[in-house]
Amino acid sequence: QAAVLVLDPRTGDVRGMMGGRNEGDYQLRSFNRCTGAYRQPGSTIKPLAVYAPALEWYGYTTATPVLDERVEYAGYRPTNYSGTSRGLVRVREALADSINIPAVRIYHDIGPRNGADFLETVGIHLADADRNSLSVALGGISQGISPMELSEAYTVFPGGGRYRMASCVRSVRDAGGKVLWEQVPAYEDVLSEETAFLINDMLKSTTEEGTASVLRDLPFTVAAKTGTVQ
């Protein structure tokens, strides 16, 4: 099973949606995994929970050095997927290669509640138990996130800092063509254009030299973030 959602970040228009395949006795289109499947986001949460607030509110830059060495916070010991450490790494490198320990260090530095507050501004609402949890930096969220919510949240980066909610309907007209209702694209400015540009630019590094380098040879520029969950 899989789900795919394509949004236009300028308007929030849903351009494409595939919510899964039908199996057995399930009713046709009875469960849409784009809107109804709440799963752990894994490392796809890092640009939203960690790096956006760190750059926007706490003076971090793409070149800020962060220590990638084993650390423990009240019994919590984050580990890297590779099982190794690199010492000092730049923020850009930490995000491009999705290194876990620097992400948790930054999240601890800015304060988990502040990361949670930023997630709220892009439509991701954490349970009370998660608001002080460092594991949120790595996508450890008790209630999970739907692909729709995650896609909406990501509109802030290509959208110049504007968060847009998704919409499948542009207008409703009667038989004579009279407009009965029309969607007015709504947005909220939640990031500066500078921060949105920098995060988007770092996500391009993910495809050029990081964990999404399989996309490097596409004939157009791609900003991406990978995420795995056990």
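The values are calculated or read from the model by the stated rules, or taken from the named source; none is laboratory data. Keep in mind that what you see is a predicted model, and the values were worked out from it rather than measured. Every residue, glycine among them, receives a Cβ derived from its backbone with ideal geometry; neighbour counts consider all protein chains shown. Only protein heavy atoms, including side chains, enter the accessible area calculation; ligands, DNA and RNA are left aside. Shrake-Rupley method; radii C 1.70, N 1.55, O 1.52, S 1.80 Å.
Key figures
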| quantity | calculated |
| --- | --- |
| Cα gyration tensor, segment 51-145 - rounded (a/c under 1.5), prolate or oblate | oblate |
| Restricting segment 162-230 to chymotrypsin sites (Phe, Trp or Tyr not before Pro) in coil, as DSSP defines it, with at most 16 other Cβ within 10 Å | Phe220 |
| Ordering of 76-87, 103-114 by packing [mean C-beta count within 10 Å, highest first] | 103-114, 76-87 |
| For segment 130-201, average projected area of the Cα convex hull in nm² | 7.1 |
| Selected from Tyr154, Tyr73, Tyr38 as most flexible by GNM, with the chain as the system and alpha-carbon contacts under 10 Å | Tyr73 |
| Sparse-neighbourhood loop sites, GluC sites (Glu not before Pro) in segment 48-106 - DSSP loop, at most 15 other Cβ within 10 angstrom | Glu69, Glu72 |
| Under the Karplus curve 6.51 cos²θ - 1.76 cosθ + 1.60, θ = phi - 60°, whole-Hz ³J(HN,Hα) for segment 192-207, x wherever Gly or Pro sits | 6, 4, 4, 5, 4, 4, 5, 5, 4, 5, 5, 5, 5, 4, 4, 8 |
| Helix-only mean residue ellipticity at 222 nm for the chain, each DSSP H run of n ≥ 4 adding -39500 (n - 2.57), per residue, nearest 500 | -7500 deg cm²/dmol |
| Dipole of segment 27-151 [Lys/Arg +1, Asp/Glu -1 at C-beta], most positive-end residue of Gly115, Val66, Leu95 | Leu95 |
| Convex hull volume per residue for the chain, taking Cα atoms only, in Å³ | 160 |
| Cα centroid of segment 171-230 to Cα centroid of segment 50-94, whole Å | 24 |
| For Arg39, residues with placed amide H under 5 Å, excluding near neighbours | Ile145, Ser146 |
| Whole-number accessible area per residue in Å² for the chain, which is evaluated in the context of all protein chains at 1.4 Å | 54 |
| Of all accessible heavy-atom area on the chain, the percent that carbon and sulfur account for (1.4 Å) | 49 |
